[in-house]
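First up is the structure itself, then whatever we jot down about it.
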Amino acid sequence: MADQERQDALLELLNTTPVVGEAVQDLLADPEAAEVWQRAHGGHGTAEERRHLVRARDALQAVVRGSGPASTLAPLLEDVASHPRLSPAGVSWEIDVPADRRMAVDAVLAWSALQETMPGRLRPCANEECLRFLIDRSKTNKGRWCSMAVCGNRMKARRHYQRTRDAAAE
């Protein structure tokens with residue numbers, strides 16, 4: 001899986017707890033829906049895989065939001081081994097992890113790679129009512145919203161309303 005695909009899979013996992021209306025939805029709470037999601041993202045769809053995935057998602061969300069230290073991810077990597085593999089192209093590393101933990105471990109590894117190659121680019125949406133995340137791939141690194149069409153427009157409209165209301169009050 002390419003780096004961009006890993007990043008996208010991580011972002012999709014982090015965004016499985018959107019706010020719909022005013023309520024938080026967990027897209028992995030329903031076993032059948034979770035199985036479909038897991039299979040669509042390369043998993044097996046088992047209940048054990050889902051359990052590890054939810055645990056990884058929750059820990060990663062806290063770390064990215066800054067409400068939990070990176071050390072909370074350590075238990076997700078227990079007993080994971082990496083082995084070198086030689087080929088004419090050079091050395092690559094294969095991760096040895098039980099199948100039901102693979103998706104969770106891949107998510108943590110994708111987060112780590114982002115931290116290393118694109119520090120600060122994975123972040124929560126600036127809309128405080130939104131629980132989604134974004135990866136800012138822009139040159140300027142000024143992306144603030146998970147979606148310009150949804151949160152960006154909403155926040156801009158609120159600021160405009162506030163300015164016009166404040167100006168009318170003067």
request  = Check Pro84, Pro18, Pro88 and return the single one that is farther than 17 Å from Val105 by Cβ, open to solvent by less than 50 Å² (accessible area, probe 1.4 Å) and either more than 20 Å from the chain's Cα centre (by Cα) or at pLDDT below 95 (or both).
outcome  = Pro18
ask   = If Arg102 passes every condition in (1) under 29 Å from Glu22 (Cα atoms); (2) touching a Gly at 6+ places or on another chain (Cβ under 9 Å); (3) modelled with pLDDT of 95 or more but one, which one does it miss?
value = (1)
ask   = Which residue pairs have Cβ atoms closer than 6 Å, lie 6 or more positions apart in sequence or on different chains, and pair a first residue in the range 45-61 that is free of Cβ contacts under 8 Å to residues at least 12 places away in the same chain with a second residue that is open to solvent by 10 Å² or more (accessible area, probe 1.4 Å) and in a helix (DSSP H, G or I)?
value = Gly45/Glu35; Gly45/Arg39
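Condition test on Thr46, is it within 24 Å of Leu131 (Cβ to Cβ) and among the β-branched types (Val, Ile, Thr)? It would help to see each step written out before you state the result.
On the way: within 24 Å of Leu131 (Cβ to Cβ): no; among the β-branched types (Val, Ile, Thr): yes.
No: the conditions fail for Thr46.
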request  = Scan the range 86-112 residue by residue and report those that are of a type in the set (A, V, I, L, M, F, W, C), touching a helix residue (DSSP H, G or I) at 6+ places or on another chain (Cβ under 7 Å) and under 16 Å from Leu13 (Cα atoms).
outcome  = Met103, Ala104, Val105, Ala107, Val108, Ala110, Trp111
remark   = Counting only residues that are over 13 Å from the mean Cα position of the chain (by Cα) and basic (Lys, Arg), the range 40-81 contains a total of 2
request  = With the checklist (1) open to solvent by 50 Å² or more (accessible area, probe 1.4 Å); (2) farther than 20 Å from Cys146 by Cβ; (3) in contact (Cβ under 8 Å) with a residue 40 or more places away in the chain in hand, flag the one item Arg65 doesn't pass.
outcome  = (2)
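Filter the range 115-143 down to residues that are in contact with a helix residue (DSSP H, G or I) (Cβ under 6 Å, 6 or more places away or on another chain) and open to solvent by less than 40 Å² (accessible area, probe 1.4 Å), then give me how many there are.
The qualifying residues number 6.
Every residue in the range 21-42 that is exposed (fewer than 15 other Cβ atoms within 10 Å of the Cβ), within 17 Å of Asp106 (Cα to Cα) and in contact with a Gly (Cβ under 8 Å, 6 or more places away or on another chain), please. Explain how you work it out, then say what you get.
Step one: filter the range 21-42 for residues exposed (fewer than 15 other Cβ atoms within 10 Å of the Cβ), giving 21-26, 29-33, 36, 39-40, 42.
So of that shortlist, the ones also within 17 Å of Asp106 (Cα to Cα) come out as 39-40, 42.
Arg39 - this is the single residue of the range 21-42 that is exposed (fewer than 15 other Cβ atoms within 10 Å of the Cβ), within 17 Å of Asp106 (Cα to Cα) and in contact with a Gly (Cβ under 8 Å, 6 or more places away or on another chain).
Please enumerate the residues belonging to the range 43-61 that are closer than 26 Å to Pro119 by Cα and open to solvent by 30 Å² or more (accessible area, probe 1.4 Å).
Within the range 43-61, the first condition is being closer than 26 Å to Pro119 by Cα, and the residues that meet it are 52-61.
Matches in the range 43-61: Val54, Arg55, Asp58.
The values are calculated or read from the model by the stated rules, or taken from the named source; none is laboratory data. Keep in mind the model is a prediction, meaning the values are calculated, not measured. Note that each Cβ is placed from the backbone with ideal geometry, even for glycine, and that neighbours are counted across all protein chains shown. In case anyone asks, the SASA skips ligands and DNA or RNA and just uses the protein heavy atoms, side chains included. Shrake-Rupley method; radii C 1.70, N 1.55, O 1.52, S 1.80 Å.
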